[in-house]
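Down below is the structure, laid out as structure tokens.
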Amino acid sequence: MNKSLLKEINSLIKDLDKYDYILRVKYVIYVVSKILYDCKTYGVDILDKSFKFYKATPNFKLSVTNIFFEHKNFSINDAKAEEKVFNLISAHKQILNLENFRPAELYEKLLTSREKKSLGQVYTPLNIIHKMLSQLFEIKTIGKDTKILDPSCGGGYFLIEAFKKIRNHLRDVDDRYIIENMLYGIDIDDFSIFLTKAGLLFAGSCSDVNFNVFGLDYLTDSFNLGKFDIVVGNPPYVGHKNSSTEYKKALYEKYSDVFYDKADISYCFFKKSKDVLKQDGIISFITSRYFMEALYADRMRSYIKNNFNIISLFDFSGNKVFKDAMVSPALITLSNIGRNKDGFSYVKYNEDNTTEKFIYKQDKLKDAGWTILRDEDEQLFNRIDSISNICIQDICTIKQGIITGLDKAFIVDEKIIEKYDIENNLLKKWIKNSNISKSDIKYNNLYLLYTNIIDCEQNYPNAIKYLSAYKSKLQNRRECIKGYRKWYELQWGRIQSDFENPKIVFPFKASGNNFYYDEKEYFCSADVYLMNNFSGKMTLNYFLSYLNSDIFEFYFKCHAKKVGNNIYEYYPNKLSNVKIFLPQENTQQNISDLGKISIEIFLKKVFNITEEEVNNIIYKYVNKG
């Protein structure tokens, strides 16, 4: 849609300020769609008439018998607003492109990032949709009996583009037949149902269609729409924290093959889609890539491996595809016919816009995590893994940093300390993720008020006076409401001695291994983890050098969870189970005394790594920043 028209529509939405913002947006899109649909049906000449004539003419009222009547709940019947929309469209009628108008695209442009996040709505880019559908139409023979389902149809993008491809593919089939017999959509959101139907109307050349687009919960509602040749779409990525206890309980009962504990709801879409798929059917989903490594995705990985033939996996490898979402996706295509013994096509998108493509054996996938590597990388990884002799969890413990519950209150600088004369024994040097590298900690003179040591408010009057400005917010923290914490205490203060004693600290998310040995009693935030309780059979300097070595960085990143462009997650559940090689204690000490070069030379010898492997394989993975 033209930018100036879009700007004017935005202005009109702001003027309807007596209504909720989302309601305003939906209403304006409803009105815009109705007027444009009338233009498509009766010709744009209707815009030359007055709004009063448009509203009074019986022909134009016919449109209320179709989807605009069915979804009239989105109308707030504001005649002045409708007239303004009509006049806006009339002023821009020369640039209208009715066949390519997608109401969902307008919705997407009118919503801010905050609203999209609150609604949980992320729309798949058209280039990705075309890629997925092109692959499906190459694999699957498309005929008049083909049935395609999008189980979370959102704005209808997948179904609209599928409609266009079918129309080009089957020249002897009319638009009405395709919409009424070949395309099916399900969504839990009523407005998504409207957007999908309206989008199909604009794409096609028929009206008053009997749509197969239903307002249902795909995972929990009962329905019988028959079996499908293709299930395609973008299942909602919803973490366990964003679902009610009752809803999760229902999913646990129905989808225990893939869903348990802190698993993601999107996993259930794979199981449900298997149930509604024809014997030779195909699923193609774009979903979060985290299922390949996530702790609670092991059942999901097992289910896919044992119940499908994996045709292809496009891994965006931390690169962002969705404009307003932090999640990095993967595009997986699955056939319902058996297991793939020959291997599937794996395509990895790198940070430098290059791609790697190779065939990987499905039988080699492990339920504990999918480590998908080229043959030469995999051979080196397996060599290191087989020779490594102890897990990190057997030689130390890993703990998370402090959650204050309100950093604005508890993290102070020297100006605040001086102004309020805050009691000195409460002040602890404070660091975050970004302060840590393997060579040092860049301390920026911030302090944590470690209020958990306050025995009585009267004994710390200055700190209490300062915190009183935040008292109402602090009292509203969940733990305070439940009576677990006093209003001035940290939400999760952890054990004080863990921070005051020597420890190894490292960022939760980083582009490379950054483990630092801290002897300055830094207290750290929740985006920092620490290692302590070290085993007596391990030399600390050896362990620290090992963790920061290029060889260990390669080994860890091969099966680490990649969460962004060159950003990896150093999550304790993953790191604790990673193995290292621990030699005799005297050998550890000798290596430690010689520094970084020595550890690299030693590990190359232990794992029989050649210079060629270092240059051609290991350095591809290592952050040299």
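The values are calculated or read from the model by the stated rules, or taken from the named source; none is laboratory data. On a predicted model such as this, the values are computed, not experimentally measured, just so you know. Backbone-built Cβ (ideal geometry, glycine too); neighbour counts: all protein chains shown.
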Search region 211-222 for residues being in contact with a strand residue (DSSP E or B) (Cβ under 8 Å, 6 or more places away or on another chain) and over 21 Å from ILE178 (Cα atoms), and hand back the single one that is surrounded by the fewest Cβ atoms within 10 Å (Cβ to Cβ).
LEU216
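A quick yes/no check of all residues on (1) in contact with a strand residue (DSSP E or B) (Cβ under 7 Å, 6 or more places away or on another chain); (2) of a type in the set (A, V, I, L, M, F, W, C); (3) on the phi > 0 side of the Ramachandran plot; (4) modelled with pLDDT under 90:
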{"position": "SER4", "(1), (2), (3), (4)": "no, no, no, yes"}
{"position": "ASP17", "(1), (2), (3), (4)": "no, no, no, yes"}
{"position": "LYS26", "(1), (2), (3), (4)": "no, no, no, no"}
{"position": "SER33", "(1), (2), (3), (4)": "no, no, no, no"}
{"position": "LEU36", "(1), (2), (3), (4)": "no, yes, no, no"}
{"position": "PHE53", "(1), (2), (3), (4)": "no, yes, no, yes"}
{"position": "THR57", "(1), (2), (3), (4)": "no, no, no, yes"}
{"position": "LYS61", "(1), (2), (3), (4)": "no, no, no, yes"}
Residue among ALA330, ALA297 that alone is under 19 Å from the mean Cα position of the chain (by Cα), assigned to a strand (DSSP E or B) and crowded, with 19+ Cβ neighbours inside 10 Å
ALA330
Any hit, region 568-582, residues being part of a loop (DSSP other than H, G, I, E, B) and of a type in the set (A, V, I, L, M):
yes
Sole exception among (1) surrounded by 14 or more Cβ atoms within 10 Å (Cβ to Cβ); (2) modelled with pLDDT under 95 for GLN135, by number
(2)
Residue satisfying condition, being surrounded by fewer than 20 Cβ atoms within 10 Å (Cβ to Cβ), touching a residue at least 60 places away in the same chain (Cβ under 8 Å) and of a type in the set (D, E, K, R), within set LYS408, LYS465:
LYS408
Taking SER243 as meeting all but one of (1) within 21 Å of the chain's Cα centre (by Cα); (2) within 30 Å of PHE163 (Cα to Cα); (3) of a type in the set (Gly, Ala, Ser); (4) surrounded by fewer than 19 Cβ atoms within 10 Å (Cβ to Cβ), write down the number of the exception.
(2)
Looking at region 534-573, which of its residues are closer than 18 Å to GLU351 by Cβ and among the hydroxyl-bearing types (Ser, Thr, Tyr)?
TYR568
Could you please find all residues in region 379-391 being out of contact with any helix residue (DSSP H, G or I) (no Cβ under 6 Å at 6 or more places or on another chain) and in contact (Cβ under 8 Å) with a residue 12 or more places away in the chain?
ARG383, ASP385, ILE387, SER388, ASN389, ILE390, CYS391
In region 539-549, is there at least one residue being part of a helix (DSSP H, G or I), surrounded by 14 or more Cβ atoms within 10 Å (Cβ to Cβ), hydroxyl-bearing (Ser, Thr, Tyr) and over 34 Å from the mean Cα position of the chain (by Cα)?
yes
Filter pass, SER50 being in contact with a Pro (Cβ under 7 Å, 6 or more places away or on another chain) and either within 18 Å of SER207 (Cβ to Cβ) or among the hydroxyl-bearing types (Ser, Thr, Tyr) (or both)
no
Taking strands (runs of 3 or more DSSP E) that fall entirely within region 427-507, which contain at least 1 residues that are among the β-branched types (Val, Ile, Thr) and under 25 Å from LEU547 (Cα atoms)?
427-431, 503-507
Among the listed residues LYS254, LYS278, LYS271, LYS262, identify the single one that is in contact with a Leu (Cβ under 8 Å, 6 or more places away or on another chain), at pLDDT 95 or above and not small (Gly, Ala, Ser).
LYS254
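Results for (1) under 20 Å from the mean Cα position of the chain (by Cα); (2) surrounded by 13 or more Cβ atoms within 10 Å (Cβ to Cβ); (3) of a type in the set (Gly, Ala, Ser), shown as yes or no for each residue.
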{"position": "ASN319", "(1), (2), (3)": "yes, yes, no"}
{"position": "GLY343", "(1), (2), (3)": "no, yes, yes"}
{"position": "VAL347", "(1), (2), (3)": "yes, yes, no"}
{"position": "GLN362", "(1), (2), (3)": "no, yes, no"}
{"position": "ILE372", "(1), (2), (3)": "no, yes, no"}
{"position": "ASN382", "(1), (2), (3)": "no, yes, no"}
{"position": "ASP385", "(1), (2), (3)": "no, yes, no"}
Residues that are within 37 Å of the chain's Cα centre (by Cα) and assigned to a strand (DSSP E or B): does region 598-605 have at least one?
no
Elements of type helices (runs of 4 or more DSSP H) in region 1-103, at least 2 residues being of a type in the set (A, V, I, L, M, F, W, C):
3-15, 21-42, 51-56, 67-70, 79-91
Restricted to region 139-181 and to residues being free of Cβ contacts under 8 Å to residues at least 60 places away in the same chain, of a type in the set (A, V, I, L, M, F, W, C) and in a helix (DSSP H, G or I), the residue surrounded by the fewest Cβ atoms within 10 Å (Cβ to Cβ) is PHE163
Within region 36-47, can you find the residues that are farther than 16 Å from CYS206 by Cα and hydrophobic (A, V, I, L, M, F, W, C)?
VAL44, ILE46, LEU47
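The rows are residues; the columns are (1) surrounded by 16 or more Cβ atoms within 10 Å (Cβ to Cβ); (2) at pLDDT 90 or above.
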| position | (1), (2) |
| --- | --- |
| HIS559 | yes, no |
| GLU569 | yes, yes |
| LEU582 | yes, yes |
| ASN586 | no, no |
| ILE601 | no, yes |
| GLU612 | no, yes |
| ASN615 | no, yes |
| LYS624 | no, no |
Every residue in region 509-532 that is acidic (Asp, Glu) and either touching a Ser or Thr at 6+ places or on another chain (Cβ under 9 Å) or part of a loop (DSSP other than H, G, I, E, B) (or both), please.
GLU519, GLU521, ASP527
Yes or no: region 306-321 includes at least one residue that is in a loop (DSSP other than H, G, I, E, B) and free of Cβ contacts under 8 Å to residues at least 24 places away in the same chain.
no
Between a first residue in region 243-268 that is within 11 Å of THR220 (Cα to Cα) and a second residue that is β-branched (Val, Ile, Thr) and modelled with pLDDT of 95 or more, which pairs have beta carbons less than 6 Å apart while being 6 or more apart in sequence or on different chains?
ALA250/THR220
Of these, LYS278, LYS272, LYS248, LYS254, which one is touching a His at 6+ places or on another chain (Cβ under 7 Å) and over 17 Å from ILE128 (Cα atoms)?
LYS248
Checking the structure you have, find out if any residue of region 320-330 is among the aromatic types (Phe, Trp, Tyr), at pLDDT 95 or above and within 18 Å of VAL232 (Cβ to Cβ).
no
Could you tell me whether LYS473 is touching a Leu at 6+ places or on another chain (Cβ under 8 Å), over 30 Å from THR354 (Cα atoms) and modelled with pLDDT under 95?
no
